[in-house]
Structures are given as C-alpha cells and as structure tokens.
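Engineer: Okay, here's the structure, questions in a sec.
The values are calculated or read from the model by the stated rules, or taken from the named source; none is laboratory data. For clarity, every value in this text was computed on a predicted model and none was experimentally measured. FYI the Cβ positions are ideal-geometry reconstructions off the backbone, even for glycines, and counts take in every protein chain you see. All accessible areas refer to the heavy atoms of the entire protein, side chains included, with ligands and DNA or RNA removed. Shrake-Rupley method; radii C 1.70, N 1.55, O 1.52, S 1.80 Å.
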Amino acid sequence: MFKRYAIYFTAEPGPLADFGAAWLGWDLETGEAVAHPDLPDLDMPISQITATPRKYGFHATMKPPFRLAEGYSFETLRNQTAQICAGLDSVTLEALSLQRIGRFLALTPVGDDTKLNGLAASVVKAFDRFRAPAPEAEIARRRAAGLTPSQEDNLMRWGYPYVLQDFHFHMTLSGKLAKSELPAIETQLSKAIEPHLPSPFEIRSLTLAGEAEDGQFHAIERFALKK
C-alpha cells in the first residue's frame, strides 16, 4: 500500500487538527488536499510558506519514515503498532507554543519534556526491527547537512540523525524562511493558531502513517496509549 511508514503524533480531531491541515493544505486523516485559511495580512502565499512540510501533514515525528524490512508485512506492522502503543504511557505537558527552530516555524511543547523524550526514545527502539537499512544515497544526503558525532551514531544505528538525545518534539508549520520574512509570518501565524493551542497538551495516542507513491503521507490508524 505504501512505500514507507512512520509513527507520528497527530492532533486529536478538533480545531487544532483542522487548522493544521488547512494551514499545510493537506489533511492526513482524509488523504486529501484542503484549502488554506484566509489570512490577508500575510505578505507571502501560505502555499509557498508550507510547500516543504505539506506532504508530511500536520504531525510530530516519533519514528522517522522507514521502508519495511524484509520478512515483515503491513498487517504485522499494524498489529504490532497496536500492541506497542498499548504498553506505552501517555504524556501530559503544560501547553504547545509557536516557536522558531532556526529559520522554520513549528509548535513545540511547554514544560518538562523528560517523559515525552522517553516516549519518543521507546518508540524509536520498539519499531526499529521493522526498518529496512537506509540506502547509501539517503545516508549520504543526511551527512551532507553536517552531523555531530552523536547524530552520526544515530544515523548508523537507527537510520536517522535526530533521535534519542538529539530528538526535539516539534510540529513543523513552514519551510525554511528568509530571516527578513520570519517576524511578520510568525506574528500572523501566531494570531491565527493561538486560539487552537491546547493547555494542557496531552499525547494520548500515536498514529501509524504511510507514504504513498506520490510522496504524500496518509494517516492509516490511530492507536491509544496507556492512560
């Protein structure tokens, strides 16, 4: 069905999920393009701001996209996802807030993220047996960004640099923006998204997602975490 799979956090159905889908122009849940919101004070089209993250949908990555290892079927992955999630504790943080990450805009958690980081590490480790080794071209592309020693170790062990001690939970809302463009876009996006941000912010489920042949990601199924 899909060429790659991933474990995402996706917002529960509601205003934040609806806004995130519209802002990016892609609804993970329905697998359909959706109209952007009307924010007339933006100096740049939303479609341009969100071009890079659109295909991934509104999410935070917990287990980065992977090709299914030989010997595993989708059905096995689906069944094991349910079992793994049922054994992982849900997490509650103070809130979500809009922040800059370098020249990107993203939602990040407010408060002590120790348990959240522990959840992400558990997910990375638990699902690694389903991951086929990354192709050499993908490894080379990751290295080209410039990696620290720990990120290099992560790349070779887990197939992705930014996991475990290098993980930072975020829900990406833009591509890389020019420094001169960031303040105005941040201000307008903050006004639009602020009413939808949860407080407290709860992670009560994880989503098995898949990348279709056209590169667009789809939510396959949501699985509850342990309360």
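Engineer: Starting from the Cα of residue 112, step 7 Å along the direction of its Cβ; do the same at residue 47; then give the gap between the two resulting points in nm.
Structural biologist: Placing both labels 7 Å beyond Cα along the Cβ direction yields 4.7 nm.
Engineer: Another question about this same structure. Please list the equivalent ellipsoid semi-axes of the range 115-227, computed as the square roots of five times the alpha-carbon gyration tensor eigenvalues, in descending order and whole angstrom. All intermediate terms of the calculation are to be shown ahead of the outcome.
Structural biologist: On the way: eigenvalues 144, 99, 51 Å².
Value: 27, 22, 16 Å, ordered largest first.
Engineer: Moving on to the next point. Give the value in nm², to one decimal: projected area of the alpha carbon convex hull of the chain, averaged over all directions.
Structural biologist: Numbers: hull surface 49.1 nm².
So the Cα hull casts an average projection of 12.3 nm².
Engineer: Give me the angle, in degrees from 0 to 90, between the Cα long axis of helix 114-126 and the longest principal axis of the Cα atoms of the chain, rounded to the nearest 10.
Structural biologist: 40
Engineer: A further question follows. Relative to the longest principal axis of the C-alpha atoms of the chain, give the angle of the C-alpha long axis of helix 149-158, reported between 0 and 90° and rounded to the nearest 10°.
Structural biologist: Rounded to the nearest ten degrees, it is 60.
Engineer: If I fit a long axis through the Cα atoms of helix 182-193 and take the longest principal axis of the Cα atoms of the chain, what angle between them do I get, 0 to 90°, rounded to 10?
Structural biologist: Helix 182-193 sits at roughly 80 degrees to that axis.
Engineer: Further question on the same structure: Sorted by average packing, counted as other Cβ atoms within 10 angstrom per residue and highest first, what order do 161-168, 60-67 take? Numbers along the way, then the final one.
Structural biologist: Working: 161-168: 17.8, 60-67: 22.1.
Those peptides, ordered most packed to least, come out 60-67, 161-168.
Engineer: Which of rounded, prolate or oblate describes the range 1-109 when judged by the alpha-carbon gyration tensor and an a/c cut-off of 1.5? Walk me through the numbers on the way to the answer.
Structural biologist: Numbers: a/c = 2.18, a/b = 1.62, b/c = 1.35.
Taking the square roots of the gyration eigenvalues as a ≥ b ≥ c, the range 1-109 is prolate.
Engineer: Per DSSP helix of 4 or more residues, -39500 (n - 2.57); summed, then divided by the residues of the chain. What does that give at 222 nm, rounded to the nearest 500?
Structural biologist: Using -39500 (n - 2.57) per qualifying helix, the result is -9000 deg cm²/dmol.
Engineer: Okay, moving on. Rank-order 92-99, 209-216 by packing density, defined as the average count of other C-beta atoms within 10 Å over each peptide's residues, highest first. Don't skip to the end; give the middle numbers.
Structural biologist: Working: 92-99: 17.0, 209-216: 15.2.
By packing density, highest mean first, the sequence is 92-99, 209-216.
Engineer: May I pose another question? Dipole size in debye (nearest 20) for the range 1-111 around its Cα centre, Lys and Arg Cβ +1, Asp and Glu Cβ -1?
Structural biologist: Approximately 600 debye in magnitude.
Engineer: What accessible area per residue, rounded to a whole number of Å², is obtained for the chain using a probe radius of 1.4 Å? All intermediate terms of the calculation are to be shown ahead of the outcome.
Structural biologist: Numbers: 11150 Å² over 227 residues.
Accessible area per residue: 49 Å².
Engineer: Using Cα centres only, tell me the gap between the range 146-216 and the range 64-95 in whole Å.
Structural biologist: 19
Engineer: Hey, can you rank 149-156, 33-40 by average C-beta count inside 10 Å, highest first?
Structural biologist: Numbers: 149-156: 15.4, 33-40: 11.8.
Packing proxy ranking, top to bottom: 149-156, 33-40.
Engineer: Report the calculated FRET efficiency for residue 141 and residue 103 (r = Cβ-Cβ distance, R0 = 22 Å), to the nearest 0.05.
Structural biologist: Calculated transfer efficiency: 0.70.
Engineer: Considering only protein heavy atoms and a probe of 1.4 Å, how much of the accessible area of the range 77-227 is carbon and sulfur, as a whole percent?
Structural biologist: Values: 3790 of 7530 Å².
Carbon and sulfur together cover 50 percent of it.
Engineer: Continuing with this model, one more query. Classify the range 70-160 from the C-alpha gyration tensor, please: rounded if a/c falls under 1.5, else prolate or oblate depending on whether a/b exceeds b/c.
Structural biologist: oblate
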